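Reviewing the structure listed below.
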Amino acid sequence: MAAQWQAFTPPGLLVNCWNIMLDLKYIRNNLDEVVAKLAIKGFAFDRDVFEQLDAARKHADMTSQDLQAQRKLASKKIGSLVASGKSVDEAKAEVASILELIDEQLSTATQDARDAQGKLEAMLLATPNIPSNQVPAGTSEDDNQEVYRWGEPRNFDFKPKDHVDLGEALQQLSQEQGAKIAGSRFTVLQSSLARLHRALTQFMLDTHTEQHGYQEVYVPYIVNATSLQGTGQLPKFEEDLFKLQAEHDFYLTPTAEVPVTNLVRDEILSGEQVEDGLKFACHTPCFRSEAGASGRDTRGMIRQHQFEKVELVQIVRPSDSQTALETLTGHAEAILRTLELPYRKVLLCGGDLGFSAQKTYDLEVWLPGQSAYREISSCSNFGDYQARRLQARWRNPESGKPELVHTLNGSGLAVGRTLVAILENYQQENGSITVPKALVSYMNGLEVIKG
RNA sequence: GGUGAGGUGGCCGAGUGGUCGAAGGCGCACGCCUGGAAAGUGUGUGUACGGAAACGUACCGAGGGUUCGAAUCCCUCCCUCACCGCCA
């Protein structure tokens, strides 16, 4: 029964006791709905296995609890008998029959309860979040819904080049050097392009902290398995990660979402703390194995093993998360608008939605080199899904009880892809690059990048 | 890396095998007192799961073990602090 679920759980990763990702009671009470909604995401939730495991868990748990209660009583009786002067052996003899019963049954009962619970937990850890009602049906990115377009793609009176040709002609971008030092999917930037990369990072961080009310954080670029489980990368997506050969379960962070969202793991925040939401902006490198992407986007800086992002993370009250997704997406859009890069906003369909996400907007920037819109930011509301895995809660003044927060994040933006977009959108016929107005001060006054 | 000391409730801090989910204090909440406040005083004050409830069970860094019984004893691991060494 359900043996396949066991394989998904790396040792030591089970969250303490009953903390599971989708609300157990909710699933139990709304099984039809859960199954139907997960199907929108292309996930087949096995309701029979779930019901079996849930029933087995409950039965074993009750048996075990009952036996433990009896044991406790017996132990206390021995204690009081010993206290009143009897020998331990005499005291034990008085409760011999109960002890015998417990001896026979307790260890198997606890083991059964533990097994059932472990399997159920593993099953739910491997079950994705339920999509929001607003998520359109669909199986691939072709079914995503365009919300709107912003900006007019520029009309070139020459044939625009892609960023690789432009960067190599400037002798400031080299895939070959990246490959020599590390391997494929690595890039070396030099001189003004290296500076432009740094300028973009600073510009984004400044904008979000000074204009959008985010708090800047600096975090570890190495994260442990528990953190990755909290945000949903583990246990299911280990092959996408770079795991370190270290004594512990260390991974290179695939996105600042992991370290930053885990700041609130195992915390109970006060009502005041989450009243306006916690808003973090964080710049990190991101490392991804791109295991499932062989052959895709091999040219240029679109899909790299190492890239940088400025990430926006929000921790909010459940009632605020829908609005927060809109504003957070707007904060990412503000970067594109200030840089005057044409883009479109897309609502992801069920099939394209990420594992942990409830609702996601992708921002796709126009790339003249590809004559296509390409993802440059992905902004998601995770509802309470990550919060449940993280045990990230707030004390609701109305109930006085700890309740799960909602988490959101979005790229604001992916730095490498923004650099690509600037090269391609701001190129001149002679191969030089006009520096966007907003970046000139970050480039020490440089207005044109030339070879 | 070496040596030593520790990890207990929101915080501080008792507790070294038996009614301990855990003394005491602080903080907090509510009440009394007061013209009002302070002081004083009384009560309450962790989380999760099951249960309509009464209540039951689990949790004293994590995991394992010994025992009828573990916060307390043993083992492993993690983390923190102090001193030394090394180092951006």
So for R0 = 22 Å, FRET eff. of A:K58-A:Y26 from the Cβ-Cβ r, to 0.05, ends up at 0.85
Unsatisfied cross-links (Cα-Cα over 29 Å) in the set A:K119/A:K345; A:K37/A:K345; A:K41/A:K161:
A:K119/A:K345; A:K41/A:K161
HN-Hα couplings for region A:115-132 via Karplus (6.51, -1.76, 1.60; θ = phi - 60°), in whole Hz with x for Gly/Pro, come out as 4, 4, 5, x, 5, 5, 5, 4, 4, 6, 5, 9, 9, x, 5, 7, x, 5
For A:143-155, A:231-243, A:173-185, ranked highest to lowest by mean beta-carbon neighbours within 10 Å, the order is A:231-243, A:173-185, A:143-155
Anisotropy class of region A:186-311 from Cα gyration tensor, a/c 1.5 cut:
oblate
Ranked on Cβ counts within 10 Å of their own Cβ, fewest leading, A:K92, A:K76, A:K309, A:K359 go A:K76, A:K92, A:K359, A:K309
Residue order, fewest to most beta carbons within 10 Å, for A:S87, A:S227
A:S87, A:S227
On C-alpha positions alone, give me the angle between the axis of helix A:415-425 and the longest principal axis of chain A, in degrees, nearest 10.
30 degrees
Angle in degrees between helix A:31-40 and the longest Cα principal axis of chain A, rounded to the nearest 10:
20 degrees
Label-point separation (nm) for A:Q177 and A:A93, each offset 7 Å from Cα along Cα-to-Cβ?
8.9 nm
Cut-off under 5 Å, modelled amide H: who pairs with A:F250 long-range:
A:L244
Angle between chain A longest axis and helix A:321-338 axis [Cα atoms, degrees, rounded to 10]:
20 degrees
HN-Hα J couplings of region A:350-356 from phi, Karplus 6.51/-1.76/1.60, θ = phi - 60°, integer Hz, Gly and Pro as x?
x, x, 9, 6, x, 3, 8
Long-range amide H partners of A:G412 with built H, under 5 Å
A:V310, A:E311, A:L312
For chain A, what does the helix formula give at 222 nm: sum of -39500 (n - 2.57) over DSSP H segments with n ≥ 4, over the residue count, nearest 500 deg cm²/dmol?
-12500 deg cm²/dmol
Along Cα→Cβ, 7 Å out, is where each label goes; now give me the distance between the ones at A:E340 and A:S371 in nm to one decimal.
2.5 nm
Here the residues of region A:267-292 lying in the modelled label zone of A:F250, meaning backbone nitrogen under 16 Å from a point 7 Å along Cα-to-Cβ, are A:287
Rank A:L124, A:Y26, A:L67 by how far each Cα sits towards the positive end of the charge dipole of region A:25-137 (+1 on Lys, Arg Cβ; -1 on Asp, Glu Cβ) and give me just the farthest.
A:Y26
Under the Karplus relation 6.51 cos²θ - 1.76 cosθ + 1.60, θ = phi - 60°, what is the ordered set of whole-Hz ³J(HN,Hα) values for region A:62-73, x standing for Gly and Pro?
5, 4, 5, 5, 5, 5, 5, 4, 5, 4, 4, 4
Can you give me the long-range amide H partners of A:V147? Hydrogens built in the peptide plane at 1.01 Å from N, cutoff under 5 Å, separation of 5 or more residues or another chain.
A:K345, A:V346, A:L347
Quick one, what does Rg over Rh come out to for region A:52-132 if you take C-alpha atoms and the Kirkwood Rh?
1.26
Under the 0.36 nm per residue contour assumption, what length would be gained going from the current alpha-carbon distance of A:K72 and A:A39 to full extension?
7.3 nm
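Any read-out appearing in this document is the output of simple, stated calculations on the displayed coordinates, not a laboratory observation. Fair warning: this is a prediction, and the values are worked out from it, not measured in the lab. Because the Cβ atoms are built from the backbone with ideal geometry, glycine has one as well, and the counts that use them run over all protein chains shown.
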